[in-house]
1. Need one number: nm distance between label points at His84 and Asp143, each 7 Å from Cα along Cα→Cβ, rounded to one decimal.
2. In Å², what does the accessible area per residue of the stretch 240-283 work out to with a 1.4 Å probe?
3. By how many nm would the segment from Glu249 to Glu62 lengthen if fully extended, with 0.36 nm per residue of separation less the alpha-carbon distance?
4. Once you charge only the Cβ atoms, +1 for Lys and Arg and -1 for Asp and Glu, what is the size of the charge dipole of the stretch 38-121 about its Cα centre, to the nearest 20 debye?
5. What is the ratio of the Cα radius of gyration of the stretch 247-357 to 2.2 N^0.38 Å, with N the residue count, to two decimals?
6. Please identify, among Val241, Val274, Val58, the residue showing maximal mean-square fluctuation in a Gaussian network model of the chain using a 10 angstrom Cα cutoff.
7. Running a GNM on the chain with Cα contacts under 10 Å, which residue among Asp275, Asp230, Asp86 ends up with the highest mean-square fluctuation?
8. Listed here are the pairs Lys320/Lys353; Lys215/Lys248; Lys100/Lys122; Lys11/Lys122; Lys310/Lys334; Lys100/Lys177; which of them are more than 21 Å apart at the Cα?
Amino acid sequence: MYNRRKTRVVKVGGVAIGGSHPISIQSMTNTNTADIEATIAQIEALAEAGCEIVRLAVNHREAASGFAEIRRRVTNIPLVADIHFDHRLAIASIEAGADKIRINPGNIGNHTKVAEVVSVAKSRNIPIRVGVNSGSLELDLIDKYGGVTAQGLAESALRNVRMLEGLDFDNIVISIKASNIPMTLEAHEILSPQVNYPLHMGITEAGTLYSGTIKSTAGLAAMLTRGIGDTIRISLTADPVEEVSAAKELLKSLRLRQFGPEIISCPTCGRTEVDLISLANEISSRISHVTTPMSIAIMGCAVNGPGEAKESDIGLACGKGFGILFAKGEVIRKVSESEMVVALLSEINRLEKEYLG
């Protein structure tokens with residue numbers, strides 16, 4: 001489908017990223033890491049939603065202490081410590097059991113401090129994510145390229161990777177993020193042929209739930225369909241669980257991962273003679289527990305409805321006050337509008353039971 005760029009494999013706890021492994025989903029807690037109970041509750045919610053790697057801000061000593069206790073109590077999902085400026089926090093996080101650390105070597109301090117972090121990470125076999133953001137690009141690269149540019153971002157990432165390699169360290173993941181989609185895409189196209197490390201991708205500071213989801217998926221889809229990317233985060237000014245939901249839908253829509261049902265529903269038009277919008281929304285809200293991959297078509301008229309319904313695992317083609325229910329291309333029965341929700345849910349549950357055996 002997509003000619004995915006082959007990278008080396010890096011292990012983050014029990015999750016392998018890169019190579020031919022599935023593109024993994026990440027998010028980040030927005031609690032104060034020193035607030036242990038609140039942070040654990042959010043990690044549990046993220047894991048329940050399908051997040052596979054969780055990152056926590058470790059920005060002061062209290063957060064480092066909190067991270068250590070959280071790591072002790074959370075064992076079902078890899079935890080990444082996000083560090084800026086203070087190399088001692090990176091070392092403390094590694095020693096506390098972080099599965100990966102995220103640093104920008106350019107702001108972590110001088111070469112000696114970076115070497116200290118690398119030494120501890122190497123002794124524990126812990127990967128380092130080199131994170132470069134447009135908002136913190138080195139001043140010399142801004143001067144060199146006349147501002148924040150794709151070339152500058154790629155050069156910054158490569159410079160920092162070479163710094164780690166010079167310390168005999170290659171357990172590396174790279175991320176380049178900007179809020180500008182064309183710049184982010186160009187930076188990845190410049191960098192990716194020059195390295196074989198896994199790439200963590202996202203559109204940083206994408207925005208609120210609605211606009212940020214659109215912006216993130218637009219940028220990530222452009223890169224993923226070019227075969228670039230091994231793990232993703234959709235960054236939203238919203239509940240982090242929404243990031244996970246959006247990432248799952250993105251990967252599912254590109255046929256890169258399978259996460260439960262896919263609803264195929266028409267946009268409605270003047271031919272629609274049932275309350276299709278309410279129907280589709282209700283079905284969507286009531287199948288969040290379903291894990292079986294299946295396609296569910298909910299169609300509003302006779303133009304595309306029967307064809308889409310027949311091609312789906314379960315389908316409903318609606319007419320005026322009624323619908324024809326399909327399963328695996330075969331007509332099951334005709335149902336009234338008032339019966340549609342119950343009939344669809346019954347077929348969905350039946351198919352899941354068959355799948356699970």
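The values are calculated or read from the model by the stated rules, or taken from the named source; none is laboratory data. Just so we're clear, the structure is a prediction, and the values are computed from it rather than from any experiment. Because the Cβ atoms are built from the backbone with ideal geometry, glycine has one as well, and the counts that use them run over all protein chains shown. Calculation scope for accessible area: heavy atoms of the full protein, side chains included, ligands and nucleic acids excluded. Shrake-Rupley method; radii C 1.70, N 1.55, O 1.52, S 1.80 Å.
1. 2.3
2. 50
3. Using 0.36 nm per residue and subtracting the Cα-Cα distance, I get 63.7 nm.
4. In total the dipole reaches around 180 debye.
5. So the stretch 247-357 has a normalised radius of gyration of 1.01.
6. Of the options given, Val274 has the highest mean-square fluctuation.
7. Greatest mean-square fluctuation among the candidates belongs to Asp275.
8. Those over the limit are Lys320/Lys353.
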